[in-house]
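Novice: Below is one structure. I have some questions about it.
The values are calculated or read from the model by the stated rules, or taken from the named source; none is laboratory data. The shown structure was predicted, so the numbers you read here are calculated from the model rather than taken from an experiment. Positions of Cβ are backbone-derived with ideal geometry, glycine not excepted, and every protein chain shown enters the neighbour counts.
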Amino acid sequence: MRPRGLLTLAMAAQVVVTAAALFASYAVAGPGFGIAQVAALIASAAVAVVLVRLCTRAIETSEDRRAATQSAELAQARSDSAQMMQAVIKTALDAFIQIDDSGAVLEWSFQAEALTGWTRQEALGSDVVDLLVAEPLRDGFRQRMARLVPELSGAPAGIRFELTLVHRNGDRILAEASSTVLRLGGRVIVNTFVRDITRKRAAEEQLVQSQKMEAVGQLTGGIAHEFNNMLTVITGTIEILADAVRDNPPLATITKLISEAADRGAALTSSLLSFARKQALQPAEIDVNQLLEELAKLLLATFDKKIEIVTRLDRNVWLAYADRGQLSSALLNLAINARDAMLDGGRLTLTTRNVVFGVREAVAVGAGYAGDYVEIEIADDGSGIPQAILERIFDPFFSTKEVGKGTGLGLSMVFGFVKQSGGGIKVASEEGRGTIFTLYLPKAEVSALRPTGYDDRKIVGGKETVLCVEDDRDVRHYVTVQLEGLGYKVIPAANATEALAIAAEGTPFDLLFTDIVMAGGMNGRELAEQMVAARPSLRVLFTSGYAYDSLHTQGRATMGAPLLRKPYRKAELARMLRRCLDTAVDSAGDAIPTPYSVQADVEAFLRRQAAEDDATRSRK
């Protein structure tokens, strides 16, 4: 019963007892105040004392029970709170570390064990600085901790900061910590949640690097494209000058020097476009083992004998799908870099294997998609690459070699070629222990048709009409002159709009010769698609200073149309024109099959057989 109810009941009982005693005294002694009434009052007082004592004891018992209940509830609440806190700590994704103001560890969660390698038993009571900070930095870190508690006291929400920790095995861990301070009487406790952000920071740096390379690539590709337009005019007109001064040896020498300089400029822009991933590739099936065996023979013949060439080729490796010439150039670049890193000799190892990437693995190496890849590894045990410059090695024109001993475009070209091929590349290096470059090329699924070569044919012109679409005025004028010099009739157009207007007027022409990348709302590929849709038998020849992925995607109507890369000479232009015009097509635009002769294959086989027989006889 509650104390208030108990007191009410006691008072009522006291009134009843007093009334009964007085009534009895009046009944015995009659009216008036005498001994009987005094005895009744004394009896009533005794009863009141008894009731008071009973009430007091009942109240004390009730209070004791209430206090015990509250104490039990408080203890249970504290226990529940502690369990909840432990559950939060145990299930948290971040590591939890609790220390006092001297740095001694009071609590060490399971995640802290996984993060640092130190068990809870080893960590409790230890100095957190000795456990997690590299020895040269410990004094400075303790000074920072001494300032941490006052800073936390002024920041109720806590402080978030980054720091570098050391794993038990010596590995560095980039971590993000959030700390708060708790005061219990005169005791100061610092609670800290720690998160490993090493991979996150690496991913962020990789993204920044990728964005930087993309920006540099866009700039490089644009400059190289414009430079190729100028080189197209230079390389073409220098041929005209060379023919004109053929009988004047001094002037002929000068024109030869100009022509060679133009060729070097073309090679430079080719490297720039390779880095920018905008060069025109001719991908095909490649037996990478055969390519590396050929490379190994070349390196054995040219490298210093102190360098050992080792090949570890998987005989079951898949065919890769890439541009053979570009891949050969990329591998040779990497091999030469490896040689330069092994001045005192060493081992160059060439390895191939098949790999299958999931999404995460593909992203990690920068590959274009998840799937099957052919891995090519070039490893040396040379001087290695310093970590300070490892992130810059693919930048164009960045080189650690002396002036005159490198352009800084070799690795840039390798990077751009692999990326444009849909593959990935990674590098691992340590000073004094060598470098490993690993290339990942897409697996070939179907055979690719190689373009037919016309290098051994004479320059042949024609009488057909060519619609020439080129937005660069100088290049358009140069091409017009060259085409007319070959006997063709030329209809020039500055852009796709003009070309469509000429076609709409009904002007007849036999071939559309168009640049791919042009100013305006329509590029050369889209122009050709629209024209071929209206005239399926129309022949098309594309030209470009670079092959921009989104613009150079083959359309259905122009599938198989050849591409003439800028800069080009008159002979290349003439051969590509005849290649397009001499192919017989029907009214639907499909090529008409021509008779096929095996005579050339037979003759080639007989020559190889004779050479093998001669080699066998010479060994005997």
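Novice: Being among the aliphatic types (A, V, I, L, M), over 15 Å from residue 333 (Cβ atoms) and modelled with pLDDT of 80 or more is the filter here; which residues of the stretch 397-435 pass it?
Specialist: Once the filter is applied, which keeps residues that are among the aliphatic types (A, V, I, L, M), over 15 Å from residue 333 (Cβ atoms) and modelled with pLDDT of 80 or more, the stretch 397-435 yields only 428.
Novice: Can you name the residue in the stretch 444-475 that is surrounded by 18 or more Cβ atoms within 10 Å (Cβ to Cβ) and not acidic (Asp, Glu) and is also modelled with the lowest pLDDT among such residues?
Specialist: Once the filter is applied, the top-ranked residue is 444.
Novice: Sticking with this one: Would you point out which residue out of 542, 513 is surrounded by 14 or more Cβ atoms within 10 Å (Cβ to Cβ) and either among the hydroxyl-bearing types (Ser, Thr, Tyr) or without any contact (Cβ under 8 Å) to a residue 40 or more places away in the chain (or both)?
Specialist: 542
Novice: Moving to a separate point now. Run down 100, 139, 127 and say which single residue is within 15 Å of residue 192 (Cβ to Cβ), surrounded by fewer than 17 Cβ atoms within 10 Å (Cβ to Cβ), out of contact with any helix residue (DSSP H, G or I) (no Cβ under 7 Å at 6 or more places or on another chain) and without any contact (Cβ under 8 Å) to a residue 60 or more places away in the chain.
Specialist: Residue meeting the stated conditions: 127.
Novice: Of the conditions (1) at pLDDT 65 or above; (2) within 21 Å of residue 563 (Cα to Cα), residue 221 clears all except one; give me its number.
Specialist: (1) is the only condition that residue 221 fails.
Novice: Then there's this: Listed residues 504, 496, 528, 574; which is exposed (fewer than 12 other Cβ atoms within 10 Å of the Cβ) and modelled with pLDDT of 80 or more?
Specialist: Exactly one of 504, 496, 528, 574 is exposed (fewer than 12 other Cβ atoms within 10 Å of the Cβ) and modelled with pLDDT of 80 or more, namely 504.
Novice: Of everything in the stretch 290-337, what is outside any helix (DSSP H, G or I), among the acidic types (Asp, Glu) and surrounded by 12 or more Cβ atoms within 10 Å (Cβ to Cβ)? Give them in sequence order. Steps first, answer last, please.
Specialist: Residues of the stretch 290-337 outside any helix (DSSP H, G or I): 303-323.
Restricting the remaining residues to those that are among the acidic types (Asp, Glu) gives 304, 308, 314, 323.
If the condition is that a residue be outside any helix (DSSP H, G or I), among the acidic types (Asp, Glu) and surrounded by 12 or more Cβ atoms within 10 Å (Cβ to Cβ), then 308, 314, 323 are the ones that fit.
Novice: Among the numbered conditions (1) farther than 30 Å from residue 381 by Cα; (2) among the β-branched types (Val, Ile, Thr); (3) at pLDDT 80 or above, tell me where residue 307 comes up short.
Specialist: (1)
Novice: While we're looking at this one, here's another question. Would you mention how many residues in the stretch 319-363 are free of Cβ contacts under 8 Å to residues at least 60 places away in the same chain and within 30 Å of residue 204 (Cβ to Cβ)?
Specialist: Result for the stretch 319-363: 6.
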